[in-house]
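Chemist: There's a structure below that I have some questions on.
Just so you know, all these numbers are worked out from the coordinates, no wet-lab data involved. Since the structure is predicted, the reported quantities are computational estimates derived from the model, not experimental observations. Cβ placement follows ideal geometry from the backbone for every residue including glycine, while neighbour counts extend to all protein chains displayed.
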Amino acid sequence: MHKQDQLKRTLLQLISTSVTLLVADYLMDSIHFDQPGVAIVTAIVLALLNAFLKPLLVLLTIPATIFTLGLFLLVINAAILMIAAQIVDGFHIEGFWSAILLAIFISLVNGLLGGNMKVVKHTGGNELE
């Protein structure tokens, strides 16, 4: 994949996560953004935490993850969300169970959209697909 396509895919994922967070803010009383733009900052922070911190947490909790047949990954995702709420001013989660619900919601949306988000290169011709 070219760097330009990777950048487009990353931007699509950030936008998707931002919109998902805003929808969660609308649907859940325990999730709150002070301003809609904070969702974009939160999506960036989540991407960075998922890239750098999550692999370490997954490695350290392999026994718990195996014992729970992978369900412990929801706890890790909730912890990442709670860390993001501490880092980002204007993003608030009211408790651990709210973070678990948000983690489930994000996972469901990413699962539905993840396989459908593709970068298509337009060649400029009149060909039909």
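Chemist: Binning every alpha carbon pair distance of region 28-87 at 10 Å from zero, what are the percents per bin?
Modeler: Calculated over all Cα pairs of region 28-87, the distribution is 21, 46, 25, 8 percent.
Chemist: On to the next question. Whole-Hz Karplus ³J(HN,Hα) for region 38-54, in order, using 6.51 cos²θ - 1.76 cosθ + 1.60 and θ = phi - 60°, x for Gly and Pro?
Modeler: 5, 5, 5, 4, 4, 4, 5, 5, 4, 4, 5, 5, 5, 6, 10, 8, 4
Chemist: Something else about it: Evaluated at 4 °C with a viscosity of 1.567 mPa s, what Stokes-Einstein diffusion coefficient in µm²/s does the chain have when Rh comes from the Kirkwood expression over alpha-carbon pairs?
Modeler: Estimated diffusion coefficient is 81 µm²/s.
Chemist: Then there is this: Using only the alpha-carbon atoms, how far is helix 3-27 inclined from the longest principal axis of the chain? Give it as 0 to 90 degrees, nearest 10.
Modeler: It is inclined by approximately 50 degrees.
Chemist: I'd like the orientation of helix 72-87 relative to the chain: the angle between its Cα long axis and the longest Cα principal axis, in ° from 0 to 90, rounded to 10.
Modeler: Orientation of helix 72-87: about 90 degrees from the principal axis.
Chemist: Here's something else I'd like to know. From the helices alone, meaning DSSP H stretches of at least four residues, give me the mean residue ellipticity at 222 nm for the chain, per-run term -39500 (n - 2.57), in deg cm²/dmol to the nearest 500.
Modeler: -22000 deg cm²/dmol
Chemist: Can I ask one more? Tell me which of Thr17, Ala79, Ala51 sits at the most positive position along the dipole axis of the chain, charges placed on C-beta atoms (Lys, Arg +1; Asp, Glu -1).
Modeler: Ala51
Chemist: A further question on this structure: Report, in debye and to the nearest 20, how large the dipole of the chain comes out about its Cα centre when Lys and Arg carry +1 and Asp and Glu carry -1 on their Cβ.
Modeler: 480 debye
Chemist: Now for a different question. Just to confirm my numbers, what's the Cα centroid distance between region 1-26 and region 84-115 in Å?
Modeler: 14 Å
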